[in-house]
Amino acid sequence: MNFSEVFKQSNQLCKVSPDGKYLATCVQYRLVIRDVNTLQILNLYTCLDQISHMEWSSDSLFILCAMYKRGLVQVWSLEQPDWHCKIDEGSIGLVSSRWSPDGRHILNTTEFHLRITVWSLCTKAVSYIKYPKACQKGLDFSRDGCYMALAERRDCKDYVSIFVCDDWHLLRHFETETQDLSGLEWSPNGCVLAVWESCLEYKMLLYSLDGRLLSTYSAYEWSLGIKSVSWSPSSQFLAIGSFDEKVRILNHITWKKIAQFEHPAIIDNTKTVYKEIEKRPAVSSDEMSLHDITVASSLFSTQSKYDISPLPVQIPVVKPDPDRANPKIGVSALAFSSDSRYIATKNDNMATAVWVWDMQKLRLEAVLEQTSTIRCFQWDPRRPRLALCTGNSKLYLWSPGGCVSVQVPAEGGFQVHSLNWHCSGDSLILIGKDQLCLCLPKNRILKFYQYIYQHN
């Protein structure tokens, strides 16, 4: 693998455009647009304050920058750099800003979730939606961009409103069978809306587009319930992670449980357990000059590789503190591969392990045991390949063929805190505390160095 040089960024605000051509990064109050292939700066925009949130429009022609402290949103155009738009929410404040699927409307949520304001860039029209609920995931657009589902709270009851995104008229409005709705999410095919209760109760509700309750699922009572939810890309499976350290898979025909994945401390029934082994190269200090040590600091940092552990394997378990809120226990992260063949999970009280399950055979495929806590993992959008990071200077990759640990050769002790795949699956954006670099294939790194050579 090849890596680009390191670039500055703030608040981990780094995103590739939906068409895959541009990379946007925020540095304090500046927005930098680069060409993904050459990393050449194409545009540089200056905002009125430090940027809190940044998002591309669906057609990659516009980009919004939200400054929540000042209640401002600025919109910039890539085709017309001199054009810009400013939205000021005034004293009512701003806590969230996002694009609509058509890339021509902006939805701003005010402080205390008093209302959502829909701003049109084309007509300058303004619409208001009242009673949005402040919850984990209270708004979601269908994958085709036709509908928006919004969780509402009025008269001490939970409701869901479904809007048509073309003209924002209300299609359906219905009360949900929840005490405290925590989130909602459309299936990828847009036919079913999943609605779930807060963590105080295990309850999953499935509604049709016209508001009919299709099914209700509850695995147990009188204990902390749902912690994470994920649809498979095929819409055939709904995975539910819970505080009892289990993942339950519902099928799309009967909405009944077809599989249950547990996370035991002792593993004795999987294909492979990969254990990360670290070692530091033994280099005598008198063998290298100060200059050599500075240049090759990344080369002589702690190296790691994967060993296949013989079964049974003991996974380190951290006992949660019962006196603290949000206990570190249960399945907090779920992610399906792009072909729906695999699902990766993370159990919070086994924070150094990622579990990969085979959805065809409904069994555990592999476990990756790291030396540090898992910070982030994400599937390749094109093929069954999983990338993860643990807050150190390494990138880890898993595929059905095996595992690999890759040292990031960036100067200054670059540590990977999170990562994002390019939409083509050909490269990765590695994000640190205040820097980023790209992991590139050979042909793209060649273009990058050709550009550097031509302009120096």
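The values are calculated or read from the model by the stated rules, or taken from the named source; none is laboratory data. Bear in mind that the values here come from a model prediction, so they are computed numbers and not experimental data. Please note that ligands, DNA and RNA were not included when accessible areas were found on the heavy atoms of the full protein model with its side chains. Shrake-Rupley method; radii C 1.70, N 1.55, O 1.52, S 1.80 Å.
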For a test of the definition: using alpha carbon positions, the gyration tensor, and the 1.5 limit on a/c, classify the range 64-175 as rounded, prolate or oblate. oblate
Per residue accessible area of the range 203-272, 1.4 Å probe, in Å²: 45 Å²
Using amide H atoms built 1.01 Å from N in the peptide plane, name the residues 5+ places from ASP158, or on other chains, whose amide H lies under 5 Å from its own. THR176, THR178
Enter the accessible area per residue of the range 301-397 (Å², integer; probe 1.4 Å; all protein chains in place). 43 Å²
Calculated from DSSP H runs of 4 or more alone, at -39500 (n - 2.57) each and per residue, what is the 222 nm mean residue ellipticity of the chain, nearest 500? -1000 deg cm²/dmol
Using 26 Å as the Cα-Cα cut-off, could you pick out the over-long pairs in LYS257/LYS346; LYS257/LYS361; LYS246/LYS328; LYS133/LYS433? LYS133/LYS433
Rounded, prolate or oblate, given the Cα gyration tensor of the range 114-192, with a/c below 1.5 counting as rounded? oblate
Quick one: Cα centre-to-centre distance for the range 206-242 and the range 138-203, in angstrom? 13 Å
All lysines inside 18 Å of LYS279 as judged from Cα atoms, apart from same-chain residues fewer than 8 positions distant: LYS305, LYS394
Name the long-range amide H neighbours of LEU42: under 5 Å, sequence gap of 5 or more, or other chain; modelled H, no Pro or chain starts. ILE33, ARG34, ASP35
Quick check: from the Cα gyration tensor, does the range 174-290 come out rounded (a/c under 1.5), prolate or oblate? prolate
Excluding ligands, DNA and RNA, the carbon-plus-sulfur percentage of the accessible area of the chain with a 1.4 Å probe reads 49 percent
